Amino acid sequence: MSDLHEGPLTPVSVAPSQALTAREKRRRRRTQRHRFEEILGWIVVPFILYGICWGVSAGFDVLGTTPGTVWDQMMQVKQMMEKRG
């Protein structure tokens, strides 16, 4: 028979907490900084993308045109250049 069910397990003694070394402190600071930067990135990047879209849209409004019109004009220029060459 095995010794599996003989009795409850005794807890393993835990080593007393030691002061962190400089390398461990630096590693923890770096980890915290990376977490902060990741969270900040998830918050800030959508605002940046929205701002770029808003800026492009405002630029088209100021010029009195639309992206579709600009695209059509670019395709006309491309066709003219192909015919020329």
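The values are calculated or read from the model by the stated rules, or taken from the named source; none is laboratory data. In this text, all values refer to a predicted model and were calculated from it rather than measured experimentally. Here the Cβ is made from the backbone with ideal geometry for all residues, glycine too, and neighbour counts use every protein chain on show. For accessibility, only protein heavy atoms count, side chains too; no ligands or nucleic acids. Shrake-Rupley method; radii C 1.70, N 1.55, O 1.52, S 1.80 Å.
A few remarks follow.
- In this label model, residue 65 and residue 82 are separated by 2.0 nm, measuring between points 7 Å along each Cα→Cβ vector.
- Cα-based Rg / Dmax (Å) for the chain: 32.0, 94
- Residue 49 - accessible surface, heavy atoms, 1.4 Å probe, Å² rounded to 10: 100
- The residues of the chain present an accessible area of 103 Å² per residue when probed at 1.4 Å with all protein chains retained.
- Helix axis angle, 67-84 relative to the chain longest principal axis, alpha carbon, degrees: 60
- Under 12 Å, Cβ to Cβ, from residue 33 - net charge with Lys/Arg +1 and Asp/Glu -1: +4
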